[in-house]
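Participant: Quick one: structure below, then a few questions.
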Amino acid sequence: MALHGALGVKLVTFFALALLVHGPLSPFLPTAFEATLLYYVRLYPAWLLALVGTLGASVAEGVNYRLVDWATELPKLARLADRPGVRRSVAAFQRAPFWTTAIVIFSPIPDSAVRVLAPLARYPLPKFLGAVGLGRFPRLLLIAGVGGLVPVPTWALVGGGVALVGLAMGRQHVASAFRWLRARYRDLYAVSVGGFRL
(Lines give C-alpha, C1' and ligand atoms only; values in the text may rest on other atoms or scores of the structure.)
Protein backbone atom coordinates (compact mmCIF):
# COMPACT_ATOMS: atom_id res chain seq x y z
CA MET A 1 0.00 0.00 0.00
CA ALA A 2 2.81 2.42 0.90
CA LEU A 3 4.62 1.69 -2.38
CA HIS A 4 1.43 2.33 -4.34
CA GLY A 5 0.97 5.67 -2.54
CA ALA A 6 4.58 6.69 -3.24
CA LEU A 7 4.12 5.94 -6.93
CA GLY A 8 0.96 8.06 -6.95
CA VAL A 9 2.84 10.96 -5.38
CA LYS A 10 5.55 10.61 -8.01
CA LEU A 11 2.94 10.70 -10.77
CA VAL A 12 1.39 13.87 -9.29
CA THR A 13 4.91 15.33 -9.13
CA PHE A 14 5.39 14.44 -12.81
CA PHE A 15 2.15 16.28 -13.63
CA ALA A 16 3.33 19.32 -11.65
CA LEU A 17 6.66 19.27 -13.49
CA ALA A 18 4.79 19.15 -16.81
CA LEU A 19 2.89 22.26 -15.73
CA LEU A 20 6.07 24.04 -14.66
CA VAL A 21 8.29 23.33 -17.66
CA HIS A 22 5.57 24.02 -20.25
CA GLY A 23 4.32 27.16 -18.53
CA PRO A 24 5.60 30.71 -18.85
CA LEU A 25 9.10 29.59 -17.76
CA SER A 26 9.48 27.17 -20.67
CA PRO A 27 11.90 29.32 -22.70
CA PHE A 28 14.32 29.11 -19.76
CA LEU A 29 13.97 25.33 -19.36
CA PRO A 30 14.84 23.84 -22.76
CA THR A 31 14.41 20.08 -22.94
CA ALA A 32 13.96 19.88 -19.17
CA PHE A 33 10.80 17.84 -19.62
CA GLU A 34 12.39 15.29 -21.92
CA ALA A 35 15.05 14.50 -19.31
CA THR A 36 12.34 14.23 -16.64
CA LEU A 37 10.31 11.95 -18.90
CA LEU A 38 13.32 9.68 -19.46
CA TYR A 39 13.80 9.43 -15.70
CA TYR A 40 10.13 8.68 -14.95
CA VAL A 41 9.88 5.99 -17.64
CA ARG A 42 11.70 3.75 -15.14
CA LEU A 43 8.66 3.93 -12.88
CA TYR A 44 5.63 4.09 -15.19
CA PRO A 45 4.56 2.81 -18.60
CA ALA A 46 5.26 5.12 -21.53
CA TRP A 47 1.58 5.55 -22.46
CA LEU A 48 0.68 6.73 -18.94
CA LEU A 49 3.52 9.25 -18.86
CA ALA A 50 2.55 10.52 -22.32
CA LEU A 51 -1.05 10.92 -21.20
CA VAL A 52 -0.24 12.68 -17.90
CA GLY A 53 2.47 14.80 -19.55
CA THR A 54 0.10 15.85 -22.34
CA LEU A 55 -2.55 16.77 -19.80
CA GLY A 56 -0.12 18.87 -17.73
CA ALA A 57 1.38 20.51 -20.80
CA SER A 58 -2.08 21.32 -22.17
CA VAL A 59 -3.12 23.02 -18.93
CA ALA A 60 0.11 25.04 -19.02
CA GLU A 61 -0.48 25.96 -22.67
CA GLY A 62 -3.95 27.22 -21.74
CA VAL A 63 -2.36 29.48 -19.13
CA ASN A 64 0.27 30.62 -21.66
CA TYR A 65 -2.48 31.40 -24.18
CA ARG A 66 -4.36 33.54 -21.67
CA LEU A 67 -1.17 35.35 -20.57
CA VAL A 68 -0.14 36.16 -24.14
CA ASP A 69 -3.69 37.24 -24.95
CA TRP A 70 -3.69 39.54 -21.91
CA ALA A 71 -0.20 40.90 -22.68
CA THR A 72 -1.08 41.75 -26.28
CA GLU A 73 -3.86 43.99 -25.01
CA LEU A 74 -1.32 46.22 -23.24
CA PRO A 75 -0.77 49.42 -25.24
CA LYS A 76 2.99 49.00 -25.77
CA LEU A 77 2.69 45.38 -26.87
CA ALA A 78 -0.43 45.99 -28.96
CA ARG A 79 1.66 48.19 -31.26
CA LEU A 80 4.01 45.26 -31.92
CA ALA A 81 1.15 43.33 -33.50
CA ASP A 82 0.92 46.02 -36.18
CA ARG A 83 4.46 45.46 -37.43
CA PRO A 84 4.69 43.98 -40.94
CA GLY A 85 6.69 40.92 -39.85
CA VAL A 86 4.20 40.05 -37.14
CA ARG A 87 1.26 40.54 -39.50
CA ARG A 88 2.90 38.24 -42.10
CA SER A 89 3.59 35.59 -39.44
CA VAL A 90 -0.01 35.71 -38.21
CA ALA A 91 -1.31 35.49 -41.79
CA ALA A 92 0.89 32.45 -42.46
CA PHE A 93 -0.25 30.83 -39.21
CA GLN A 94 -3.92 31.43 -40.11
CA ARG A 95 -3.59 29.37 -43.30
CA ALA A 96 -3.44 26.13 -41.30
CA PRO A 97 -3.43 26.95 -37.57
CA PHE A 98 -4.39 23.49 -36.30
CA TRP A 99 -1.81 21.53 -38.28
CA THR A 100 0.87 24.18 -37.81
CA THR A 101 0.42 23.93 -34.05
CA ALA A 102 0.30 20.12 -34.01
CA ILE A 103 3.41 19.74 -36.20
CA VAL A 104 5.44 22.35 -34.31
CA ILE A 105 4.49 20.82 -30.94
CA PHE A 106 5.41 17.33 -32.19
CA SER A 107 8.69 18.41 -33.76
CA PRO A 108 11.86 19.54 -31.97
CA ILE A 109 11.21 23.10 -33.21
CA PRO A 110 10.80 25.45 -30.23
CA ASP A 111 7.07 25.95 -29.76
CA SER A 112 7.23 29.54 -28.51
CA ALA A 113 6.14 30.81 -31.92
CA VAL A 114 2.79 29.01 -31.92
CA ARG A 115 2.26 30.05 -28.29
CA VAL A 116 2.36 33.67 -29.41
CA LEU A 117 0.77 33.33 -32.85
CA ALA A 118 -2.36 31.46 -31.71
CA PRO A 119 -3.62 34.26 -29.43
CA LEU A 120 -2.53 36.95 -31.91
CA ALA A 121 -4.48 35.19 -34.66
CA ARG A 122 -7.49 34.85 -32.31
CA TYR A 123 -7.39 31.11 -32.87
CA PRO A 124 -9.96 29.54 -30.52
CA LEU A 125 -8.41 28.14 -27.33
CA PRO A 126 -10.19 24.73 -27.49
CA LYS A 127 -8.90 24.11 -31.02
CA PHE A 128 -5.42 25.27 -30.01
CA LEU A 129 -5.40 22.87 -27.04
CA GLY A 130 -6.65 20.06 -29.29
CA ALA A 131 -3.73 20.67 -31.65
CA VAL A 132 -1.35 20.83 -28.68
CA GLY A 133 -2.64 17.47 -27.44
CA LEU A 134 -2.45 15.91 -30.90
CA GLY A 135 1.18 16.98 -31.27
CA ARG A 136 2.32 16.46 -27.68
CA PHE A 137 0.98 12.95 -26.97
CA PRO A 138 2.81 11.12 -29.79
CA ARG A 139 5.99 13.09 -29.10
CA LEU A 140 5.99 12.14 -25.41
CA LEU A 141 5.01 8.57 -26.23
CA LEU A 142 7.91 8.30 -28.70
CA ILE A 143 10.45 9.74 -26.24
CA ALA A 144 9.20 7.62 -23.34
CA GLY A 145 9.09 4.51 -25.55
CA VAL A 146 12.69 4.98 -26.64
CA GLY A 147 13.66 5.72 -23.03
CA GLY A 148 12.02 2.48 -21.95
CA LEU A 149 13.94 0.48 -24.57
CA VAL A 150 17.28 2.26 -24.10
CA PRO A 151 17.75 3.16 -20.42
CA VAL A 152 19.63 6.43 -19.98
CA PRO A 153 21.83 6.63 -16.86
CA THR A 154 20.82 9.23 -14.27
CA TRP A 155 24.21 10.96 -14.48
CA ALA A 156 23.72 11.46 -18.23
CA LEU A 157 20.23 12.92 -17.71
CA VAL A 158 21.44 15.35 -15.04
CA GLY A 159 24.64 16.27 -16.90
CA GLY A 160 22.83 16.75 -20.19
CA GLY A 161 20.13 18.85 -18.53
CA VAL A 162 22.68 21.08 -16.83
CA ALA A 163 24.62 21.46 -20.09
CA LEU A 164 21.50 22.43 -22.04
CA VAL A 165 20.44 24.97 -19.41
CA GLY A 166 24.00 26.35 -19.59
CA LEU A 167 23.70 26.68 -23.35
CA ALA A 168 20.33 28.36 -23.02
CA MET A 169 21.69 30.85 -20.50
CA GLY A 170 24.39 31.76 -22.95
CA ARG A 171 28.10 31.27 -23.04
CA GLN A 172 28.84 34.60 -21.38
CA HIS A 173 26.70 33.78 -18.34
CA VAL A 174 28.30 30.36 -17.99
CA ALA A 175 31.79 31.85 -18.21
CA SER A 176 30.96 34.44 -15.55
CA ALA A 177 29.53 31.70 -13.32
CA PHE A 178 32.78 29.73 -13.62
CA ARG A 179 34.81 32.87 -12.81
CA TRP A 180 32.64 33.43 -9.74
CA LEU A 181 33.07 29.81 -8.62
CA ARG A 182 36.83 29.95 -9.18
CA ALA A 183 37.08 33.16 -7.11
CA ARG A 184 35.03 31.60 -4.28
CA TYR A 185 37.20 28.50 -4.41
CA ARG A 186 40.35 30.61 -4.17
CA ASP A 187 38.93 32.65 -1.28
CA LEU A 188 37.86 29.53 0.57
CA TYR A 189 41.05 27.52 0.18
CA ALA A 190 43.69 30.29 0.09
CA VAL A 191 44.26 30.13 3.85
CA SER A 192 44.27 26.35 4.08
CA VAL A 193 47.16 25.79 1.67
CA GLY A 194 49.66 27.73 3.76
CA GLY A 195 49.90 30.96 1.83
CA PHE A 196 50.06 29.49 -1.67
CA ARG A 197 47.62 31.13 -4.04
CA LEU A 198 45.74 28.91 -6.44
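The values are calculated or read from the model by the stated rules, or taken from the named source; none is laboratory data. Predicted model, so just to flag it, every value in this text is computed and none were measured. Here the Cβ positions follow ideal geometry from the backbone for every residue, glycine too, while neighbour counts run over all protein chains shown.
Participant: Can you name the condition, by its number, that LEU43 falls short on among (1) over 20 Å from the mean Cα position of the chain (by Cα); (2) part of a helix (DSSP H, G or I)?
Facilitator: (2)
Participant: In the stretch 92-107, how many are more than 21 Å from VAL63 (Cα to Cα), among the aliphatic types (A, V, I, L, M) and either in a loop (DSSP other than H, G, I, E, B) or touching a residue at least 12 places away in the same chain (Cβ under 8 Å) (or both)?
Facilitator: 1
Participant: Could you list, in sequence order, the residues of the stretch 67-91 that are in contact (Cβ under 8 Å) with a residue 24 or more places away in the chain and assigned to a helix (DSSP H, G or I)? Let's see the steps before the verdict.
Facilitator: Narrowing the stretch 67-91 to residues in contact (Cβ under 8 Å) with a residue 24 or more places away in the chain: 67-69, 72, 81, 86, 89-90.
Within the stretch 67-91, LEU67, VAL68, ASP69, VAL86, SER89, VAL90 meet the criteria.
Participant: Assess whether LEU77 counts as being surrounded by fewer than 19 Cβ atoms within 10 Å (Cβ to Cβ) and within 23 Å of GLY53 (Cα to Cα). Give the derivation first.
Facilitator: Values: surrounded by fewer than 19 Cβ atoms within 10 Å (Cβ to Cβ): yes; within 23 Å of GLY53 (Cα to Cα): no.
Taking the combined requirement at face value, the residue does not satisfy it.
Participant: Within the stretch 156-172, identify whether any single residue is of a type in the set (D, E, K, R), assigned to a helix (DSSP H, G or I) and either at pLDDT 75 or above or within 24 Å of ALA102 (Cα to Cα) (or both), and answer yes or no. Walk me through it before giving the result.
Facilitator: Of all residues in the stretch 156-172, those of a type in the set (D, E, K, R) come to 171.
Still in the list and also assigned to a helix (DSSP H, G or I): 171.
Now drop any that are not either at pLDDT 75 or above or within 24 Å of ALA102 (Cα to Cα) (or both), which leaves none.
No, the stretch 156-172 has no match at all.
Participant: Run down SER58, SER26, SER89 and say which single residue is surrounded by 15 or more Cβ atoms within 10 Å (Cβ to Cβ) and more than 30 Å from GLY148 (Cα to Cα). Give the derivation first.
Facilitator: On the way: SER58 fails: more than 30 Å from GLY148 (Cα to Cα); SER26 fails: more than 30 Å from GLY148 (Cα to Cα).
Residue meeting the stated conditions: SER89.
Participant: Anything in the stretch 95-124 that is more than 20 Å from the chain's Cα centre (by Cα) and hydrophobic (A, V, I, L, M, F, W, C)? List them, or say none.
Facilitator: Correct list: ALA96, PHE98, TRP99, LEU120, ALA121.
Participant: Still on this model: Which of the residues that make up the stretch 108-141 are part of a loop (DSSP other than H, G, I, E, B) and hydroxyl-bearing (Ser, Thr, Tyr)? Please lay out each step first, then the result.
Facilitator: Taking the stretch 108-141 and keeping what is part of a loop (DSSP other than H, G, I, E, B), we get 108-111, 121-124.
Matches in the stretch 108-141: TYR123 only.
Participant: Among the residues of the stretch 108-150, how many are exposed (fewer than 14 other Cβ atoms within 10 Å of the Cβ) and touching a residue at least 12 places away in the same chain (Cβ under 8 Å)?
Facilitator: Within the stretch 108-150, residues that are exposed (fewer than 14 other Cβ atoms within 10 Å of the Cβ) and touching a residue at least 12 places away in the same chain (Cβ under 8 Å) number 3.
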